[in-house]
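Everything on this sheet refers to the single structure shown next.
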Amino acid sequence: MYQAKAYGVDSKSSPFEAREIPRREVTDRDVQIEIQYCGICHSDLHQARDEWNSVMPTVYPCIPGHEIVGKVTKVGSGVSTFKVGDTVGVGCMVDSDHECPMCKSGLEQFSPKTAFTYNSPDKHGTAPVTYGGYSESVVVDERFVLRVPENLELSGAAPLLCAGITTYSPLKRANVGPGMKVGIVGLGGLGHMGVKIAKAMGAHVVVFTTSPSKVDDAKRLGADEVILSKDPEQMAAHQGTFNFILDCVSAKHDINMYLGMLALEGELTLVGAPEEPLEVSSFALLFGRKRLSGSLIGGIAETQEMLDFCGKHNLVADVEVIKPSEINEAYERLLKSDVKYRFSIDMSTL
Ligand code: NAP
Ligand code: ZN
């Protein structure tokens, strides 16, 4: 065991503070990574503040962070896929059983044995729960380590490990491509990656935003059209025209309004995970035989596929690079929908 520098919280109301956390020495299958950048996902905020208590209560201290990129500094004797010096990424998962039907079909995110990168029981016993990427280093089973394409700038590549895969997976499953009208709701970390990826897939992309100040940015990021969702006239003009809508909103909002935007048999997939339940009007689904679904990150093979896709299309997140000491301020800005469009923590300043 060794001690690593990290940033974490001691309770749902305490601020982020510097601390040291235990990390295990590499076992046969492990890769030790010096973390260069870690993105700040809104899920980090939900969990640091125990907003998902009914589903996954937070164990403190909590060290969030599941958008990790860095360099391999050590590998276990049985590691064959990575070597010291490789540029790698780690997303939301760090371990699973590899044997259950979910793992075998590449859906590790749904395995009951999967350990998430933070706030999951630590089967190595290094700490009560896993500790995430707001830290100088991490030790991860090689089967959960991803290869980051060389052409991608690293501060912007970090958010691909969650925001990238969480939007890529449902867009791909919906066969998004040329000839499809795709809506992205909420231009934050996930939403802006959704725009870039849906555009690279060839769709006609429309952003729904509550923030008038984001209209120009949405177009620069690749949106063909932008709708201010609080403007009933703009909303009415697009009623019943979307094949697919990806809802990336972090707070309670009216999804019936977006179901109304779908064309016949169109689908709305929720990736946003607000603390409070959303209300669905059955009529919003009945008329037009519409579908409402959800999606959770993506499996490991699919995450590598997404990274390679982003490498090929040269896609990274638009980031504001911050120091670890600025995490508290960044969280307050997330709550005001004021992130352009992902915070990426520079761990070299830890
Ligand atoms: P974010 O960067 O904070 O973006 C959220 C965006 O939602 C905001 O920028 C804002 O966009 C919109 N929004 C916020 N409050 C709103 C409100 N009250 N009404 C309407 N729109 C509102 O968050 P994120 O990191 O992208 O994460 C988004 C959600 O996805 C979070 O709940 C997160 O936990 C969840 N998530 C899920 C998965 C998964 O696997 N399913 C993975 C990662 C994250 P505008 O300013 O454009 O309106
Ligand atoms: Zn995330």
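The values are calculated or read from the model by the stated rules, or taken from the named source; none is laboratory data. Just so it is clear, the structure is predicted and the values come from calculations on it, not from any experiment. With ideal geometry, Cβ positions are generated from the backbone for all residues, glycine too; neighbour counts draw on all protein chains shown. With ligands, DNA and RNA removed, areas are computed over all heavy atoms of the protein, side chains included. Shrake-Rupley method; radii C 1.70, N 1.55, O 1.52, S 1.80 Å.
For the stretch 182-199, a residue qualifies if it is of a type in the set (A, V, I, L, M) and either touching a Leu at 6+ places or on another chain (Cβ under 6 Å) or closer than 17 Å to Ile297 by Cβ (or both), and the qualifying residues are Ile184, Leu190, Met193, Val195, Ile197, Ala198.
On inspection, Ile322 fails the criterion of being in the same structural domain as Arg147 (by TED's automatic domain parsing) and within 16 Å of ligand 2 (Cβ to nearest atom).
Among what's in the stretch 14-56 and is in contact with a Cys (Cβ under 8 Å, 6 or more places away or on another chain) and of a type in the set (Gly, Ala, Ser), pick the residue that is nearest to Ser250 (Cα to Cα). Out of the qualifying residues, it is Ser43.
Which of the residues spanning the stretch 206-226 are β-branched (Val, Ile, Thr) and in contact (Cβ under 8 Å) with a residue 40 or more places away in the chain? Scanning the stretch 206-226 gives a single hit, Thr210.
Take the residues in the stretch 169-178 that are touching a residue at least 24 places away in the same chain (Cβ under 8 Å) and open to solvent by 10 Å² or more (accessible area, probe 1.4 Å); name whichever of them is farthest from ligand 2 (Cβ to nearest atom). Taking the candidates together, the pick is Pro178. Is it the case that the stretch 187-197 has a residue that's in contact with a Lys or Arg (Cβ under 6 Å, 6 or more places away or on another chain) and in contact (Cβ under 8 Å) with a residue 12 or more places away in the chain? Yes - at least one qualifying residue is present in the stretch 187-197. Among the residues of the stretch 56-82, which ones are hydroxyl-bearing (Ser, Thr, Tyr) and either within 23 Å of Phe343 (Cα to Cα) or in a loop (DSSP other than H, G, I, E, B) (or both)? Residues satisfying the conditions are Thr58, Tyr60, Ser77, Ser80, Thr81. Restricting Asp86, Asp10, Asp95 to those that are away from ligand 1 (no atom under 16 Å from the Cβ), closer than 13 Å to Thr117 by Cβ and either in contact with an Asp or Glu (Cβ under 8 Å, 6 or more places away or on another chain) or among the acidic types (Asp, Glu) (or both) reduces the list to Asp95. Applying the condition of being more than 26 Å from Gly294 (Cα to Cα) and either of a type in the set (Val, Ile, Thr) or crowded, with 22+ Cβ neighbours inside 10 Å (or both) to the stretch 104-135 and asking which residue is nearest to ligand 2 (Cβ to nearest atom) yields Tyr134.
Does Thr73 satisfy being of a type in the set (Val, Ile, Thr), over 21 Å from Lys123 (Cβ atoms) and either over 20 Å from the mean Cα position of the chain (by Cα) or within 16 Å of ligand 1 (Cβ to nearest atom) (or both)? Taking the combined requirement at face value, the residue satisfies it. Scanning the stretch 220-279 for residues that are of a type in the set (S, T, N, Q), over 14 Å from Gly191 (Cβ atoms) and touching an Asp or Glu at 6+ places or on another chain (Cβ under 9 Å) yields Asn243, Asn256.
Scanning the stretch 81-95 for residues that are of a type outside the set (D, E, K, R), surrounded by fewer than 24 Cβ atoms within 10 Å (Cβ to Cβ) and touching a residue at least 40 places away in the same chain (Cβ under 8 Å) returns Thr81, Phe82, Thr87, Val88. Scan the stretch 28-61 for residues that are within 16 Å of ligand 2 (Cβ to nearest atom) and of a type in the set (Lys, Arg) and the total you get is 1. Filtered by the rule that a residue be buried (at least 24 other Cβ atoms within 10 Å of the Cβ) and among the aliphatic types (A, V, I, L, M), the stretch 50-70 gives Ile63, Ile68, Val69.
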